[in-house]
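To start, the structure under review is shown below, and the notes come after it.
The values are calculated or read from the model by the stated rules, or taken from the named source; none is laboratory data. Values in this document were obtained by computation on a predicted structure and should not be read as measured data. Quick reminder, even Gly has a Cβ in these numbers, built from the backbone with ideal geometry, and neighbours come from all protein chains shown.
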Amino acid sequence: MGLLWAGGAVAQLVCNDPIFDFGKRKEGEVIVHTFVLRNQGEKTVVIAGVDSGCSCLSGSPSKRKVAPGEQVAINVRLDLTRRSGAQDRAVYVSIEGSKAKRTTLRLTGESIVLTHVKPRILVFRNVPSGTEHSRTAILYGVEEDLAPGLPKSASPYLACSIRPGTKKGEYILTVLLSKEMPAGRTTAAIQLPIYKNREILTIPVYMAVQEDD
């Protein structure tokens, strides 16, 4: 039970369910939840703020002043974009004139990344100058209604193509290094739209072309 006291234990905000477990959700989803706090004290309290230590999480009260016996809703929004693995995020509710610690409301669960690529970096190492070379990567976990868009790179020496793999939800990315690539070492990146083109998967590319003998 979450408690927030003020005025020498005269005012009291109580949350019977201060922890919300959202279970397993996809990376990129937005979790919206409402916590309900009740003033079980004897005086009106004024909410000073609802804060969090993460830009992915925000909260706001339905009202600032809560009279004795009244409830206030704390509306919380957690953005799982680029968040993966176990999640334990907290918002803190404080009231004016309270010397007590803030009450903590938590959202817990797991953000699952369905789409990922292997290898995560494509490497062209010790490539002879004046020759073409290709590398492939496999994109896993692509749902049928979230097919990837066309890959592209800002480098004029890289050509990209993508085709379905042999398994469901699998795609093969092929990257061709042009024979016109000058000798030396450089880096680039492949950008691959996913999630109905709402997100961009970036694949770093390292290139090392040998000097002519």
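Can you tell me which residue is modelled with the lowest pLDDT among those in segment 7-29 that are under 17 Å from LEU105 (Cβ atoms) and assigned to a strand (DSSP E or B)? Spell out the reasoning first.
The initial filter retains those residues of segment 7-29 that are under 17 Å from LEU105 (Cβ atoms), namely 12-22.
In the following step, the residues that additionally are assigned to a strand (DSSP E or B) were identified as 12-15, 19-22.
Values: GLN12: 76, LEU13: 84, VAL14: 88, CYS15: 91, ILE19: 97, PHE20: 97, ASP21: 97, PHE22: 97.
Result: GLN12.
Somewhere in segment 60-73, is a residue on the phi < 0 side of the Ramachandran plot, surrounded by 13 or more Cβ atoms within 10 Å (Cβ to Cβ) and under 16 Å from the mean Cα position of the chain (by Cα)?
Looking through segment 60-73, none of the residues is on the phi < 0 side of the Ramachandran plot, surrounded by 13 or more Cβ atoms within 10 Å (Cβ to Cβ) and under 16 Å from the mean Cα position of the chain (by Cα).
Assuming SER111 fulfils every condition listed in (1) closer than 30 Å to ILE203 by Cα; (2) more than 26 Å from the chain's Cα centre (by Cα) apart from one, which condition is it?
Condition not satisfied by SER111: (2).
Quick check on my filter: what residues within segment 85-134 are surrounded by fewer than 14 Cβ atoms within 10 Å (Cβ to Cβ) and under 17 Å from GLY23 (Cβ atoms)?
Within segment 85-134, GLY85, ALA86, ASP88 meet the criteria.
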